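Remarks on the structure that follows.
The values are calculated or read from the model by the stated rules, or taken from the named source; none is laboratory data. No experiment lies behind these values; they were computed from the predicted model shown. Neighbour counts run over all protein chains shown; Cβ positions are idealised from the backbone, glycine included.
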Amino acid sequence: MRTTDVENATTDEPLTNTPIRVRKLGHVVFRVSDVERSTRFWTEIMGFTISDYNERGMVFLRHGSDHHSIALAEASSSPGEGLPTKASIGFDHLALEVESVEELFRIREFLRARNVPILYEGRRGAGSNPGIEFQDPDGYTFEVYAAMDQIGEDGNSRPSEQWRRASSLEEAVQNPVEGVTY
């Protein structure tokens, strides 16, 4: 495929000349400064289970029946080099869906009780999904969310004038998006 084909592709029309058909997201590998510390975060805060270790010290974690959905590998950079800034090219965040908005309230209290700083909570816009964002010990950002808009049979998403932003989970519940049950 030529670069211009990719540049001209639209998000609502899949490329038909590729044999790749994604069924679901597979896994994410993070390079971390301290594998043991990050493993504690993923097991104690995020509720994942350790599946395996490899000979290089990588830890494989799962949350379901797949062997792993998250893997942790020791970074070779020096401590203090940190992650790229938000304006830099690189990883932004990983979003994980949960069952309900009620679960988001329990997650928020759980994070607070463990002194995990919450970067954002509420509802931003596109997708109309309420969520919570926080960081792991290395500064990777994670979002847990519920009630994501689904694309209708007509292939169209909710128009932006129907998005309803909210600055807290309480506000998201008090001012629901039309057609979404919390």
remark   = Log entry, pairs with first residue in the range 152-167 being within 19 Å of THR181 (Cα to Cα), second being at pLDDT below 85 and exposed (fewer than 10 other Cβ atoms within 10 Å of the Cβ), beta carbons closer than 8 Å, six or more apart or on different chains, reads GLN162/GLU178
inquiry  = Looking at the range 45-58 only, could you name the residues that are under 22 Å from THR141 (Cβ atoms) and over 19 Å from the mean Cα position of the chain (by Cα)?
reply    = MET58
inquiry  = Within the range 22-44, take every residue that is modelled with pLDDT of 90 or more and more than 18 Å from the chain's Cα centre (by Cα) and give me the one that is farthest from HIS93 (Cα to Cα).
reply    = GLU36
remark   = The condition from (1) more than 21 Å from PHE48 (Cβ to Cβ); (2) under 17 Å from the mean Cα position of the chain (by Cα); (3) not small (Gly, Ala, Ser) that ASP136 misses is numbered (1)
inquiry  = Go through the range 92-117 and report how many residues are of a type in the set (A, V, I, L, M, F, W, C) and surrounded by fewer than 12 Cβ atoms within 10 Å (Cβ to Cβ).
reply    = 1
